[in-house]
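Visitor: Dropping a structure here in structure tokens format, bear with me for questions.
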Amino acid sequence: MAKSAARLKDIAEKTGFSVNTVSLALRGSPRIPDETRKQIVEAADRLNYLPNQVAKSLVLKETKSIGLILTDITNPVLTAVAQAVETELSGRGYLTLFATSNKDPDLEHKIIDSFRARRADGMLIFPCSHRDIDHIRHLRGRNYPVVLLAAEPGAGVDAVCMDERAGAYKAATHLIESGHRRIAVFDGTSERGNQEKLNGYRDALAMAGLPFDPSLVVAPDAPDVRSGYHAMEALVSRNTGTTAVICPTDSSALGALRYCVRHGIEVPKDMAIFGFDDTEFGEHAVIALSSVNYDIEAVTKLAIDRVIGLINAEGNLPDPVVTQVEPDLVIRESTASPSTR
């Protein structure tokens, strides 16, 4: 039979001090002399005492835990963000509650309810959709601290994210300045597509005086390797004269690169490929990918600053703020001027 956990009463009986004195000593109260605190702490160690965090959270009205919801644990950027969040929160005395929605909106709803039931002090969320976030707005409207890690500018919810519109604009502009005129883009047109990336692409075309051609937009099923492969297959089948493509992730770009390698399309001589997020896999691909950098450190710190600030706010929460971190380009082997063909 399992041995019951030591209680404050057990430590009091062991040391001869009152339960109140033991409680104050274990909480580091300055009212307790150092020698008394030392005796009590040593006795607590010998008895393997663990504080009752549930009871403590009821008294303090906080659990020192924050929920983190990802859409896809296999996405290398999201995995890196999760690690950075957990490390940063731990350093600030918070426990990370972690879950993955697997891009399922119904599951996302259930996870949010579950974290609330576990009394998480706040949440950081990569939503399944950038646009279908009414349930998260409702949560914010009930004065609950929540910060999105991917959002559009008018989200109506606190968010800290990369400025994906600026990233796509920079990538398209770089390709245009390199001489490309038939530039395709994956993503942006589907229900859960990233409209901001498509808008950035269109902004660059307009700035350069180039027409927008819908035939150069391909909406893959997902931003992964397999979907990138099939998106490139679909693009090539259209015979659009494309010389460059901007992909929604490095994973998608790797799929596009794989298609090109298998079908004799030389990269970058015949097709320049631009990724997004600047992952280790993209950097070390057989043809290193040019990519839009995702500043994990900046996003993580700003998001945690914001959610903890909301947790500590008194009264009603302040108006929501969307903070966008402007990305840089990382130029590698997969992009080059078509004049080099």
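Bear in mind these aren't lab numbers, they're just calculated from the coordinates by the rules spelled out. Keep in mind that this is a model prediction, so the values were computed, not measured. Here the Cβ is made from the backbone with ideal geometry for all residues, glycine too, and neighbour counts use every protein chain on show.
Visitor: For region 218-341, build the charge dipole from Cβ charges (+1 Lys, Arg; -1 Asp, Glu) around the Cα centre, then report which of 268, 302, 327 sits farthest towards its positive end.
Guide: Selected residue: 268.
Visitor: Taking the Cα centre of region 254-316 as origin, work out the dipole magnitude from +1 charges on Lys and Arg Cβ and -1 charges on Asp and Glu Cβ, in debye rounded to 20.
Guide: 280 debye
Visitor: Can you list the aspartates and glutamates whose alpha carbon sits under 12 Å from that of residue 64, skipping same-chain ones fewer than 8 residues off?
Guide: Straight-distance partners of residue 64: 121.
Visitor: Here's another thing I want to ask about it. Counting other Cβ atoms within 10 Å of each Cβ, which GluC sites (Glu not before Pro) in region 236-341 have at most 13 and sit in a DSSP loop?
Guide: 266, 314
Visitor: Filter the GluC sites (Glu not before Pro) in region 151-222 to those in DSSP coil with at most 13 other Cβ atoms within 10 Å of their Cβ, and list the result. Mind dumping the intermediate values first?
Guide: Numbers: sites: 164, 177, 191, 196; in loops: 191.
Answer in residue order: 191.
Visitor: Hey, got a sec? Which trypsin sites (Lys or Arg not before Pro) in region 252-292 land in a DSSP loop and have at most 14 other Cβ atoms within 10 Å?
Guide: Details: sites: 258, 262, 269; in loops: 269.
Within region 252-292, the qualifying trypsin sites (Lys or Arg not before Pro) (loop, at most 14 other Cβ atoms within 10 Å) are 269.
Visitor: Can you tell me what share of the DSSP beta bridges in the chain is antiparallel? A percent to the nearest 5 is fine.
Guide: Around 5 percent antiparallel, to the nearest 5.
Visitor: Could you grab the relative contact order for region 8-51? Cα pairs under 8 Å, six or more apart, rounded to a whole percent.
Guide: 36 percent
Visitor: Would you mind ranking 186, 115 by Cβ crowding within 10 Å, fewest neighbours first?
Guide: Values: 186 30, 115 23.
Final ranking by Cβ density, sparse to dense: 115, 186.
Visitor: Using 12 Å as the cut-off for backbone N distance, which residues of region 166-181 belong to the label zone defined by a point 7 Å from the Cα of residue 213 along Cα→Cβ?
Guide: Those under the cut-off are 181.
Visitor: Under 13 Å from the Cα of residue 103, which aspartates and glutamates turn up, not counting those fewer than eight places away in the same chain?
Guide: Within the straight-line limit of under 13 Å, residue 103 reaches these aspartates and glutamates: 72, 132, 191, 221, 224.
Visitor: While we're looking at this one, here's another question. Using the crude model of +1 on Lys and Arg Cβ and -1 on Asp and Glu Cβ, and no other charge, please compute the dipole size for the chain relative to its Cα centre, in debye to 20.
Guide: Roughly 1080 debye for the chain.
Visitor: A further question follows. Taking the Cα centre of region 8-51 as the origin and placing charges on Cβ (Lys, Arg +1; Asp, Glu -1), which of 22, 48, 11 is farthest toward the positive end of the dipole?
Guide: 22
Visitor: Please order 160, 147, 81 by the number of other Cβ within 10 Å, starting at the fewest.
Guide: Final ranking by Cβ density, sparse to dense: 81, 160, 147.
Visitor: While we're here: Counting Lys and Arg as +1 and Asp and Glu as -1, each charge on the Cβ, what is the dipole of region 8-51 about the Cα centre in debye, to the nearest 20? Display every interim value, and only then the final one.
Guide: On the way: 7 positive and 6 negative charges, 25 e Å.
Roughly 120 debye, rounded to the nearest 20.
Visitor: Something else about it: Mind listing the Cα extents of region 8-51 along all three principal axes, in Å, largest one first?
Guide: 23, 17, 16
Visitor: Next up: Using the Cα centre of region 176-251 as origin and beta-carbon charges of +1 (Lys, Arg) and -1 (Asp, Glu), tell me which of 210, 222, 186 is placed farthest towards the positive end of the dipole.
Guide: With unit charges placed on the Cβ atoms, the residue in question is 210.
Visitor: Could you please rank 287, 66, placing first whichever residue has the fewest other Cβ atoms within 10 Å of its Cβ? Provide the component values of the computation, followed by the final result.
Guide: Working: 287 17, 66 27.
Listed from fewest to most nearby Cβ atoms, that is 287, 66.
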